[in-house]
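Have a look at the structure below before the remarks.
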Amino acid sequence: NGRSFWGEVTYRQLQKGESVYYLAVINKIDNVRKSEQRAAQYKQRFGVLVDHASMGIIETDGHAQIININRFALNLFGYSKREIINKKIELLIPERLHNHHVYHRDEYISQPKNRPRGVGIDLFEIKKDGTEFPVEVSLSNYVRNGNQYVIAFISDISIRKNSEVEIKKLNDVLEE
């Protein structure tokens, strides 16, 4: 019909007596190719969604090494992607909280489940310049090819915490 298609060609050499023949086997793989293209489009859309999210998103492997981070988180922490990929997540935790964090991280890895974190607890992160700031962190996890991964969704709650302090001051003044 004259229409082109995606195909895979395999050649086989055949010999009969002194004559050599070549057999070309053509397999039509349009459906495979279309599936690959759809998968690539979904991956690209997902990447755009994550990269343009208005909260920090960090993905770590089962050894707590950062394997992916979105733009919002890079801006939030002040790092470039090159500076942070393959570093331990504790790079973003104030040093005074490392032991506490490692304990809870290991506990989470041993019994993973999707859960909001930081509700009712004061959590802090640290920027590249050493500035600490309060956060809420929600965790999610998944397993791929037998390896465990954790995704952290990070929200800077500095404005809310500052507002709470101001409201408390106002309440104290009113009570006096």
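Here are the numbers for the structure shown:
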quantity: More than 14 angstrom apart: percent of Cα pairs within the range 1-91; calculated: 76
quantity: Which labelled figure in (1) 11.4; (2) 19.5; (3) 9.3 is mean projected area of the Cα convex hull in nm², once derived from the coordinates; calculated: (2)
quantity: Solvent-accessible area per residue, Å², over the range 120-176 with all protein chains present [probe radius 1.4 Å]; calculated: 69
quantity: Charge sum, other residues only, whose C-beta stays under 14 Å from Lys81's C-beta, Lys/Arg counted +1 and Asp/Glu -1; calculated: +1
quantity: Pair Leu91, Asp51: separation of 7 Å Cα→Cβ label points (nm); calculated: 1.9
quantity: Rounded to the nearest 20 debye, dipole of the range 1-157 from Cβ charges on Lys, Arg, Asp, Glu; calculated: 860
quantity: Rounded to 10°, Cα long-axis angle of helix 30-51 versus longest principal axis of the chain; calculated: 20
quantity: Heavy-atom accessible area per residue - the range 26-86, 1.4 Å, Å²; calculated: 67
quantity: Rg/Rh (Cα only; Kirkwood hydrodynamic radius) as it applies to the range 67-113; calculated: 1.02
quantity: Computed Kirkwood radius, in angstrom, where 1/r is averaged over Cα pairs of the range 97-176; calculated: 15.0
quantity: C-alpha long axis of helix 98-110 to longest principal axis of the chain, angle in °; calculated: 50
quantity: Accessible surface of the range 80-176, 1.4 Å probe, proportion on carbon and sulfur as whole %; calculated: 53
quantity: Acute angle (nearest 10 degrees) that the helix 158-175 long axis makes with the longest principal axis of the chain, alpha-carbon atoms; calculated: 20
quantity: Protection-proxy order for peptides 1-7, 121-127, 165-171, each taking the mean of Cβ atoms within 10 Å per residue, highest first; calculated: 121-127, 165-171, 1-7
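The values are calculated or read from the model by the stated rules, or taken from the named source; none is laboratory data. These figures come from a predicted structure and were not determined experimentally. Heads up, the Cβs are rebuilt from the backbone with ideal geometry, glycines too, and the neighbour counts pull from every protein chain shown. With ligands, DNA and RNA removed, areas are computed over all heavy atoms of the protein, side chains included. Shrake-Rupley method; radii C 1.70, N 1.55, O 1.52, S 1.80 Å.
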